[in-house]
Structure formats: structure tokens, C-alpha cells
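Here the structure is laid out as C-alpha cells; the discussion comes afterwards.
The values are calculated or read from the model by the stated rules, or taken from the named source; none is laboratory data. The structure displayed is predicted, hence computed values, not measured ones. For neighbour counting, all protein chains shown are included, and Cβ atoms are generated from backbone atoms with ideal geometry for every residue, glycine included. To get the accessible areas, we keep the full protein, side chains included, count just its heavy atoms, and leave off ligands, DNA and RNA. Shrake-Rupley method; radii C 1.70, N 1.55, O 1.52, S 1.80 Å.
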Amino acid sequence: MAESAPESWTDTERALWAAFREGEVFDRRCGQDDIDDPFGDAPWGPGRTVGADVLAHLLLAGPQPTAGRVASLRMSGVNITGSLNLAGGHIERYVELRGCRFEHKILLSEASATTVRMVDCLFPRLEASRLSTTGDLHLARCRIPEGIRLTDAKIGTDLLLNLAHVGADRYGRAVSADGMTVHQDFEAERVEVHGELSVRTARIGGRFSLRGAQLHADPQNRVCLNAVRIVVGHTLYLTSSADDGWAGSRSYYGSGYGENPQPGSASTPFRAFGQVRLSDARFDAACLISGEFHLEGDDELSLRRIHTPELRFTCGFRPTGTVSLSRARVGNLVDRPESWPLGKHLGLTGFVYENLRPVEQFTVQQRIAWLEGSSVEFQPESYEQLAAALRRDGADDDAREVLYAKQRRRRETLPLPARIWGLVQDVTVGYGYRPGRAGLWLLLAWALGSIWFDTHRPDPLKPDEKPHWNAVLYTLNQLLPIIDLNQGAWNPGGAGQWIAAGLVVVGWLLASTVVAGATRLLQRG
């Protein structure tokens, strides 16, 4: 293999050849920010320009390194002309580009590489479907106006898009990464995306972080985040990003990498302007959602059928559209009352959760209103689910309050005769969940019966006997027929007979409710 650059190359390209063999940074920056800015308008002359075919030559058929050195392509402040086509190639050398400009899109489809780092670079588009790397793929702070394709790519360690600006292709897609595999973390913190970010069926071994991301749906495609059937080995973050440390950071990651904002500190929230689809996704550690969701019309934040040990839904800004948790299964539900949408924009059909862990006071009445704010008609299983979760936390009284609300809501769905009977049960005994109310009715019946029989004394059962009369004890004996108060020697007639029979019926109905309530109280004690 030749140890000197081809004669047809320019002096700049020959200098790059030498830097490549030495593994040194080929730095063509002049030190003036306005000129070195890769996103600015300042022209870069021949001394900062190399052809894309030169890069392809170095990466695919480059020279051997100088003895004792490791060859690598490391450039800063370079303008690359022509189309860089590495599709299907095997890239053995380390690649690191900082502050570079590309005139045409980069083609890496079907290629294999070790680690590729492009930071603060400008290129129209990245085509990297089925790209395979053994190391990282970094695109931090890059600007890619026509989008990225990483369909079925396999990233050996981390994928970073922190602070990148990504535009959409002609189909309204900005990041097409369906079926992608990232063995460790996928970080896209503070990324700004104009178009659909699609990671359907992707598998991420570590975290998937969109802290502080700004996602804008394209007008022709109302989806801004499409993560249907994604599998995340750790945690999904749709949360805020602390502002401290990001501005002016020159690291690969940004100095806010992996950090959560402290309470009260300045932060940038995650914002989604369009539909967010997380249906059928699985998050093995947690799913954290505290961003802003600006949904219009039929737009939806879909969490249908997700599986996760913990769902934190603590938005400080109520979603303006529908949030659906239909048939989702979570362990801990961590939320706050003001985070959920209003006006029948909540789907809870078949939503299963084990424990409730609100971050601030969430009263049982607010929980009931949360259920009844669902976008569907009466569903008894939703009330049963909530009551079961409250019982697991030892809140038996709150659980009974939920079941009572279930009966009242159910009454609205019944025919008129059943609604009337349900109203009677509600007023008298609170469907069995208000034993105190039954006790009051029992006392009232006792008082009214005593007054009646005090002025309407019945005849003795046997005329030749003269038992002692006590209207109060007689009435109580009718209300509690299982107790013998020695008042059975009387034979009421006429209206008194009907009143006595009514007291017996009322006593059976009300006393059983009171006894059941007392039994529950003693069991809790």
C-alpha cells in the first residue's frame, strides 16, 4: 500500500493524509467564532476544504499508521465537498469530526464501524439504515435539516443526539429509527426535532432520555413521537432538563448529561407539539412523564397497553388533548391531581395498577372525579381497581367511598324503576356503605314507633292477663325481633298491626347494615 497521498490530491488533502496516519486532529479552525461557526455564512476556502472521496479513501482503503501510532480520522473546522458514500463499507478506524460542514448527505447504510462521533457538524441528511457499530454513534449538537434514517441500525454502546437540530424529509419524518437496537443508552436531551421522531419496535438496553426535548410535528404528519412497541431496558424520560451547565459546553455530551433539575432550579421542560404514541411499549425500570403536551383536535398521548414497574405522570401543564391508559399495566402510579386532562379526555379502560403513590395530596374525592372524568361510560372495573389499590395501602374507608361512588354512578345507567329503588337504598343505607345513616334511620323509627304505641296501646294477647306495658321496649322489640325483651304479650290490631309489621321489616333491613358496619370496624381494630 502506498505511504504517500495520491498526486491528484490538494495540499490540504495531503495534510489530512499525514494527520490520519499519525492519528492527530486535522484542525483548520482559525480561532474566530464567527468564521469557525459551521452553521454560519462565513465562506471556508481551499485551505479548509477536502473532497468526500478523500474521506472515503482514508476510511475504506487508508494507509497504514506511522509506527507506534493509531490511525484515525479526526477533523475540526473542515468543509467536505461532494457526497460521502460509505454505504456497505467496513470502517475500522475511529472517526471524530467536530465543527465540520458537509455539502451533501452522508451515506452509511449497511456499513459497519467502530465509533463514529460527529459533534457540532452540519450535513443535510444522514442515511444509515442497518448501520452496525461496535461503539458509540454521536451526533451531539449537529444540524441535520433533512433528517436521519437509522432503520434497523445496531449501535454497540450509546447513541447521542443531545442538542441536535433535526428537520423533516419530504414525508414529514425527522428521525426514522424503527427496529433500531441500542445496547446501552439513547440520549436525545434538548434535541429540537421538526417532524416525526419514530423508534417503533426499537430495543434500547439502558435509558431513553428526551429530557428537555422540543418535538414539533410536521403539518403533513401530526405525530411528533412514535415509539409504539419500543422496549427500554431501564427508564424513559419525558421530563425537564436542568439549564445549568448546558450553555457553552464543549463536551461530547453536554454538561447536563444524566442530571435531573433540582426543585426550584431553572429548567427546560420536555415539550411535544403533536401526537405521542407509546402504545404496547415496555419500560423495565420506569416511565417518567412530566413534560408539556400540546395536543390539538384528535391528537392523543397514547400509553395504551404499556408495561412498567412505575409510571410517573407529574405534568405541571395539563395535556390539552386526550391521554389514554387503556389496558396499561403498571406497578406504582405516581401522579398529581393537576396533571390529568379535563373534559372527558382520559381513557382508563382496563387500566391496572398495583399501588398509588401521589407526589402531593390526592383525596379520595379527587380520585373518584379522576375516574369519572374518563372518556367512556360507566365501567365498574375501574372503581374496583381503585378500591383494591386503596385497600392494599390500608385505606379501607377510602376504598368503601369508591365503591359507594360506583353504586351511585351505576344507578344512572339503570331503568327508571331500578333508579328509584337505588335512590331509596342510597338515602336509607348508602348502599350498605353508610352504616351510620342506617343507625340514624333506626333511631328515628324507634322514636316514631314509641310515640305511636304510647298513644295507641294494643290489647293484651290473652284478655285474662295484665302484662306491664312499655311502649319504648315494645317498639324496640319489633325493630330487633331476634332479641326478646319480654314484650310478646300484646296483640296490635288495625293500623297498629301494620305499623308493627313495618317496624319488623325496617329493623331487619337497617339493623343488618349497622351490624355489618360494626363488624368491619371491629375487624379493622
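Restricted to region 295-306, and to residues there that are more than 12 Å from residue 236 (Cβ to Cβ) and at pLDDT 95 or above, the residue that is surrounded by the most Cβ atoms within 10 Å (Cβ to Cβ) is 301.
All told, residue 172 meets the bar of being open to solvent by less than 30 Å² (accessible area, probe 1.4 Å), more than 13 Å from residue 139 (Cα to Cα) and at pLDDT below 95.
Output the residues belonging to region 298-328 that are assigned to a strand (DSSP E or B) and of a type outside the set (Val, Ile, Thr).
Answer for region 298-328, where residues must be assigned to a strand (DSSP E or B) and of a type outside the set (Val, Ile, Thr): 300, 301, 302, 307, 309, 310, 311, 312, 313, 324.
Just so you know, in region 365-396 the residues that are over 24 Å from the mean Cα position of the chain (by Cα) and of a type in the set (A, V, I, L, M, F, W, C) include one that is most open to solvent (accessible area, probe 1.4 Å), and it is 378.
If you go through region 341-392 and keep only what is at pLDDT below 90 and among the acidic types (Asp, Glu), you end up with 372, 377, 381.
Does residue 481 meet the test of being in a loop (DSSP other than H, G, I, E, B), modelled with pLDDT of 70 or more and out of contact with any Asp or Glu (no Cβ under 7 Å at 6 or more places or on another chain)? Walk me through how you get there before you give the answer.
Values: in a loop (DSSP other than H, G, I, E, B): yes; modelled with pLDDT of 70 or more: no; out of contact with any Asp or Glu (no Cβ under 7 Å at 6 or more places or on another chain): yes.
So residue 481 does not fit the description; no.
Screening the candidates 180, 75 for the property of being touching a Cys at 6+ places or on another chain (Cβ under 7 Å) and open to solvent by less than 20 Å² (accessible area, probe 1.4 Å) yields one hit, 75. Across region 317-339, the number of residues qualifying as closer than 14 Å to residue 353 by Cβ, charged (D, E, K, R) and either surrounded by fewer than 20 Cβ atoms within 10 Å (Cβ to Cβ) or out of contact with any strand residue (DSSP E or B) (no Cβ under 8 Å at 6 or more places or on another chain) (or both) comes to 2. When restricted to residues that are in contact (Cβ under 8 Å) with a residue 40 or more places away in the chain and either touching a Gly at 6+ places or on another chain (Cβ under 6 Å) or assigned to a strand (DSSP E or B) (or both), region 158-175 contains 8. Contact map, region 138-151: residues that are open to solvent by 10 Å² or more (accessible area, probe 1.4 Å) paired with residues that are β-branched (Val, Ile, Thr) and part of a strand (DSSP E or B), Cβ distance under 6 Å, separation 6+ or inter-chain. Pairs shown: 141/119.
Within region 216-230, the set of residues being open to solvent by 20 Å² or more (accessible area, probe 1.4 Å) and out of contact with any Gly (no Cβ under 6 Å at 6 or more places or on another chain) comprises 216, 219, 228, 229. Kindly evaluate residue 128 against the criterion of being closer than 30 Å to residue 45 by Cα, hydrophobic (A, V, I, L, M, F, W, C) and buried (at least 24 other Cβ atoms within 10 Å of the Cβ). Yes, satisfied. Take the conditions (1) in a loop (DSSP other than H, G, I, E, B); (2) buried (at least 24 other Cβ atoms within 10 Å of the Cβ); residue 110 misses just one of them, which is (2). In region 237-257 there is at least one residue matching the filter, namely being at pLDDT 95 or above and of a type outside the set (Ser, Thr, Tyr).
From the list 195, 212, pick out the single residue that is buried (at least 23 other Cβ atoms within 10 Å of the Cβ), at pLDDT below 95 and on the phi > 0 side of the Ramachandran plot.
212
Exactly one residue out of 489, 471 is at pLDDT 70 or above and open to solvent by less than 40 Å² (accessible area, probe 1.4 Å), and it is 471.
Would you please name the residue that is farthest from residue 283 (Cα to Cα), looking only at residues in region 312-335 that are among the charged types (D, E, K, R) and more than 13 Å from the chain's Cα centre (by Cα)? Within region 312-335, the match that is farthest from residue 283 (Cα to Cα) is 318. For region 1-35, a residue qualifies if it is open to solvent by less than 20 Å² (accessible area, probe 1.4 Å) and under 17 Å from residue 119 (Cα atoms), and exactly one does: 26.
You will find that of 69, 48, the residue that is over 28 Å from residue 169 (Cβ atoms), basic (Lys, Arg), in contact with a helix residue (DSSP H, G or I) (Cβ under 8 Å, 6 or more places away or on another chain) and open to solvent by 30 Å² or more (accessible area, probe 1.4 Å) is 69 and no other. Within region 397-409, if we keep just the residues that are open to solvent by 50 Å² or more (accessible area, probe 1.4 Å) and either under 30 Å from the mean Cα position of the chain (by Cα) or among the acidic types (Asp, Glu) (or both), the residue that is farthest from residue 362 (Cα to Cα) turns out to be 397. Cβ-Cβ distances below 6 Å connect the following pairs, each with a first residue in region 371-392 that is over 12 Å from residue 346 (Cβ atoms), a second residue that is among the aliphatic types (A, V, I, L, M) and in a helix (DSSP H, G or I), and a separation of six or more residues or different chains: 383/402; 386/402; 387/399; 387/402; 387/403; 390/399; 391/399.
Here residue 96 passes the criteria (1) charged (D, E, K, R); (2) over 15 Å from residue 75 (Cα atoms); (3) assigned to a strand (DSSP E or B) except the one numbered (2).
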